[in-house]
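The values are calculated or read from the model by the stated rules, or taken from the named source; none is laboratory data. Computed from a prediction, not measured in an experiment: that's the story for all the values here. Heads up, the Cβs are rebuilt from the backbone with ideal geometry, glycines too, and the neighbour counts pull from every protein chain shown.
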Amino acid sequence: MISPTQFEEKFGFRRGDVTLVNWRTAPFNRWSFQNVGELVPSARIGAWAGASETTAADFSGLLGETVSLSSGTETIAAFLDRSSADALTVMKGGRFVGDWFAPHMPSGNRHIAFSISKSLTAVLAGILEGEGRFDPEAPITAYVPEATGSAYGDATVRHVLDMTVSLDFEEAYLDPESAFARYRRATLWNPGGGDEGLEEFLLSLKRRPEPHGEVFRYRSPNSDLLGILVERASGKRVPELFSEKLWAPLGACGEGAITVDRSGTARAAGGVSLTPRDLARVGEMMRQGGVANGRQVVPEAWVHDTTTAGSLEAWKRGDFAHLFAEGRYRNKWYQSGKGSYCGIGIHGQWLFVDPASEVVIVKMSSQPTPVDDPLDHDNVDFFEALAKMV
């Protein structure tokens, strides 16, 4: 614990300056993204009791190397600074080969992963599917009968998993008067929450006129609904499932956390915080076909489906075709069209897996804006270049 004076010297502002109004804005996010539980109610995700983290791997030798990006050529150090990076962790062939942390992020701290939480929640769905307790082709109402009459009333779990629900909702991150702002109040991420819970909000959403399944539309409420679906299928809460079904088999060394609403409903779409290394362990498990520590954590068939299937046509009609021209989206993971795949979160969170080079890269950041399309392209170029370097 540091003193108030040390805190201000380190971050350039006082702890008391960080509130629910500004926690996702710069410069306050450099602290808040590592300490979400001090601002939003959060549930613990227990670590594996027998785990102990190894010493950080030195990355300094590569900081002066140059990389060619969409925006030009610059050193790795310069790019990390320009992209507001907080942490970078690299694995090669199952070994940690590089760890880098910004001065304001100590080694071993956890950091919010934002929408990579979607990819993690989908892994839980895959595990339950392998256990015969979750059917991706079932109607939503098989698990949540209350969804009748909402946008999800005639949708399937597959539509939710692949973001092809015909949902009348926009991801208007910066509009304080939008339905998205109401959504964030329901999750207790914004001031004024408490009158409406997350599940109530989700089941109030209406659909668009076109059929489900035809267009990839990135809509975060789908992933929060997935969290509710896996709870209904398993009879357990999301944080408990993460601890039992994922953290323990991975040998995760740090405790995780997930934000919750007034009723304890988990923010499965974006509320998970974890260490960079534990996130990298998830990527390595995917690279190994669902195996970690000699144990089949998630079925190999599910990993293969996640990293190769999905509708190219739905992707090309959707929101993110500019990022991966030949990409796909399956089970809440992105495929690049080049053999690599990833989880992505706003403000610069990335889990990048390149099976060809046996490399897994985690980059956690505190970018000032939620979405920065040119910087996203630079990040992809950076990961591809770094995978070749190591």
> Does G132 meet the test of being touching an Asp or Glu at 6+ places or on another chain (Cβ under 7 Å) and part of a loop (DSSP other than H, G, I, E, B)?
Replying inline: no
> Looking at (1) closer than 28 Å to A321 by Cβ; (2) surrounded by fewer than 21 Cβ atoms within 10 Å (Cβ to Cβ), which is the only condition V160 fails?
Replying inline: (2)
>> If I go through region 264-277 residue by residue, how many of them are farther than 20 Å from G348 by Cβ, of a type in the set (G, A, S) and in contact with a helix residue (DSSP H, G or I) (Cβ under 7 Å, 6 or more places away or on another chain)?
In response: 2
>> So, in region 140-167, how many residues would count as being out of contact with any helix residue (DSSP H, G or I) (no Cβ under 9 Å at 6 or more places or on another chain) and under 13 Å from L202 (Cβ atoms)?
In response: 1
> Within region 171-192, how many residues turn out to be closer than 23 Å to E38 by Cα, out of contact with any Leu (no Cβ under 7 Å at 6 or more places or on another chain) and either without any contact (Cβ under 8 Å) to a residue 12 or more places away in the chain or buried (at least 19 other Cβ atoms within 10 Å of the Cβ) (or both)?
Replying inline: 9
>> Residue under question is A257, and the condition is that it be buried (at least 24 other Cβ atoms within 10 Å of the Cβ) and either of a type in the set (A, V, I, L, M, F, W, C) or modelled with pLDDT of 95 or more (or both); does it hold?
In response: no
>> I'd like to check which strands (runs of 3 or more DSSP E) are fully inside region 1-100 and have at least 1 residues that are more than 29 Å from L375 (Cα to Cα), in contact with a helix residue (DSSP H, G or I) (Cβ under 7 Å, 6 or more places away or on another chain) and not aliphatic (A, V, I, L, M).
In response: 42-45
> Got a number for residues in region 212-265 being touching a Pro at 6+ places or on another chain (Cβ under 9 Å) and either assigned to a loop (DSSP other than H, G, I, E, B) or of a type in the set (K, R) (or both)?
Replying inline: 3
> Residue check: is H347 in a loop (DSSP other than H, G, I, E, B) and of a type outside the set (A, V, I, L, M)?
Replying inline: yes
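Restricting to region 333-356, and then to whatever is over 16 Å from D278 (Cβ atoms), touching a residue at least 60 places away in the same chain (Cβ under 8 Å) and not aromatic (F, W, Y), can you tell me which residue is surrounded by the fewest Cβ atoms within 10 Å (Cβ to Cβ)?
First, the residues of region 333-356 that are over 16 Å from D278 (Cβ atoms): 333-342, 344, 346-348, 354-356.
Filter once more, keeping what is touching a residue at least 60 places away in the same chain (Cβ under 8 Å): 333, 344, 346-348, 355.
Then drop every residue that is not not aromatic (F, W, Y), which leaves 344, 346-348, 355.
Numbers: I344: 23, I346: 20, H347: 24, G348: 25, P355: 15.
Of everything passing the filter in region 333-356, P355 is surrounded by the fewest Cβ atoms within 10 Å (Cβ to Cβ).
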> What number of residues within region 314-344 are assigned to a strand (DSSP E or B) and of a type outside the set (V, I, T)?
Replying inline: 9
> Got a number for residues in region 260-286 being more than 13 Å from the chain's Cα centre (by Cα) and β-branched (V, I, T)?
Replying inline: 2
